[in-house]
1. Restricting the search to region B:4-37, which residues are assigned to a loop (DSSP other than H, G, I, E, B) and touching a strand residue (DSSP E or B) at 6+ places or on another chain (Cβ under 9 Å)?
2. Here are A:49, A:10: which of them is free of Cβ contacts under 8 Å to residues at least 40 places away in the same chain and more than 14 Å from chain B (Cβ to nearest Cβ)?
3. Name the residues in region B:192-214 that are surrounded by fewer than 19 Cβ atoms within 10 Å (Cβ to Cβ) and out of contact with any helix residue (DSSP H, G or I) (no Cβ under 8 Å at 6 or more places or on another chain), would you?
4. Considering only region A:84-95, I want to know if a residue exists there that is out of contact with any helix residue (DSSP H, G or I) (no Cβ under 8 Å at 6 or more places or on another chain), under 24 Å from residue A:197 (Cα atoms) and within 14 Å of chain B (Cβ to nearest Cβ).
5. Hey, can you tell me all the residues within region B:75-98 that are within 7 Å of chain A (Cβ to nearest Cβ) and within 13 Å of residue B:135 (Cβ to Cβ)?
6. Tell me which of these residue B:84 doesn't satisfy, since it passes every other one: (1) out of contact with any strand residue (DSSP E or B) (no Cβ under 9 Å at 6 or more places or on another chain); (2) within 25 Å of residue A:111 (Cβ to Cβ); (3) surrounded by 18 or more Cβ atoms within 10 Å (Cβ to Cβ).
7. Looking at residue A:134, is it away from chain B (no Cβ under 14 Å) and modelled with pLDDT of 90 or more?
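The values are calculated or read from the model by the stated rules, or taken from the named source; none is laboratory data. Quick caveat: nothing in here was measured; it's all calculated off a predicted structure. Every residue, glycine as well, gets a Cβ built from its backbone with ideal geometry; the counts of neighbours run over all protein chains shown.
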């Protein structure tokens, strides 16, 4: 399986994908972090849903990761697109047959792909986090935010916890994308369904029937990245997310193992 | 069977059914080890389906087959010794030819040094660093052949390897196939250029509408066909008279380009010559021509449009 991981990493580190992802993730991280600090006095708010967060809150230990946490969901969507396209393109390009001739164990191919994409997602999250923190430090003075608390062990703990949560959420979105890629076998269809469902349909559904919020996959993935809140606990989101991914993953794995490779 | 009597591929009643259509129905054939075996049949006759089953990509609906002595139910036991190019070359467009081969070399556990060696062998050394999407069809095809050669295979399965190649490229591929066969590699090759196959294949498996209609030595197939005797009278005015004479003697004749084509055993040429002489007709030439593989193929598949 190590051989599959190495081969997959060679595909993932191709300049167009790697630099494109770095640029997208970096751009999102820079944008959201900058909004928090540069629009600190704006009446339209400087954080999600038009809410405001001021210098006092940002001066606390949590202030270090505020921008990073805002970008978490979008990192998940980027991961969904990458995992979905990297999986589905093996069918659409016809390259799956080459892979299976060289590595006949389909489960090894699947597991190797998953591990390689996990590593790619980890790099993506770490880069976004590092950039967000650097920008937070750079803009703190201008926003009159005291950064003393950002260097404490409490802040480091929050940073570690946030990075882990965002990585976990990114993995959930990515795995969801991979499942869609295996089911649809077309990058465009898999990405379209994934993005449409997570960013639009779930929100409409949750707005219409509030009780569905607790059980929708995308909302629970996003909640993992944010660390949970009293209305939707972290533990609940872990359980729901795992449920979706285990059932969806098992279905996709069985299909991948049994389905004829006829294209 | 070859000198050692072993078989590289053996299929018995191999069947693949999609819905109500049989892509391959009870296909039985043998490919001797160390031979070059051509795999021919019209489009949709089941060639690619058969190749995919042999490579473990699709599951047979019935029957059985072995590749290099192992059942196709366990492709992991023989695929490390098999090289294959199926239905044209498929690679990642944004990766270079070299990177594409490295992906497959890493996956199969082959030394990366082999990549440059193979790029040289298929004349892609200079363009190995260019993205696959910039390659011409011929270059893509050559990269596919290089990928198939990565494992230094005991069995090489090639599906239409000369598609898109220019005459010199076709000659190079023919040379590669012959070299491999000389070194003991079994080559199972499908192609629609039957003249190519006739030149290099000692064995043939012929398919029609999902059924194996011939499996055996190429020479055996060709020699079983009726030859054509071509007789040309010295003077064109004698053509009609010669037709009458031979028709009366019971021969079936067609006239092509001022000559008579007579489907008959080659021994009949002496009698034809004598009948012409007795009728006062001098023949400027008389020759016996064996049908080509292409003619035989059309004859057997009934696809002579």
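1. Taking region B:4-37 first, the residues assigned to a loop (DSSP other than H, G, I, E, B) are B:4-6, B:19-20, B:33-35.
Answer for region B:4-37, where residues must be assigned to a loop (DSSP other than H, G, I, E, B) and touching a strand residue (DSSP E or B) at 6+ places or on another chain (Cβ under 9 Å): B:4, B:5, B:6, B:33, B:34, B:35.
2. A:49
3. Correct list: B:192, B:209, B:211.
4. yes
5. Correct list: B:90, B:91, B:92, B:94, B:95.
6. Result: residue B:84 fails condition (1) only.
7. Answer is yes for this residue.
Conditions tested, residue by residue: (1) away from every other protein chain (no Cβ under 13 Å); (2) in contact with a strand residue (DSSP E or B) (Cβ under 6 Å, 6 or more places away or on another chain); (3) closer than 20 Å to residue B:86 by Cβ; (4) touching a residue at least 60 places away in the same chain (Cβ under 8 Å).
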{"residue": "B:104", "(1), (2), (3), (4)": "no, no, yes, no"}
{"residue": "B:108", "(1), (2), (3), (4)": "no, no, yes, no"}
{"residue": "B:120", "(1), (2), (3), (4)": "yes, no, no, no"}
{"residue": "B:125", "(1), (2), (3), (4)": "yes, no, no, no"}
{"residue": "B:135", "(1), (2), (3), (4)": "yes, no, yes, no"}
{"residue": "B:140", "(1), (2), (3), (4)": "no, no, yes, no"}
{"residue": "B:143", "(1), (2), (3), (4)": "no, no, yes, no"}
{"residue": "B:149", "(1), (2), (3), (4)": "no, yes, yes, yes"}
{"residue": "B:153", "(1), (2), (3), (4)": "no, yes, yes, yes"}
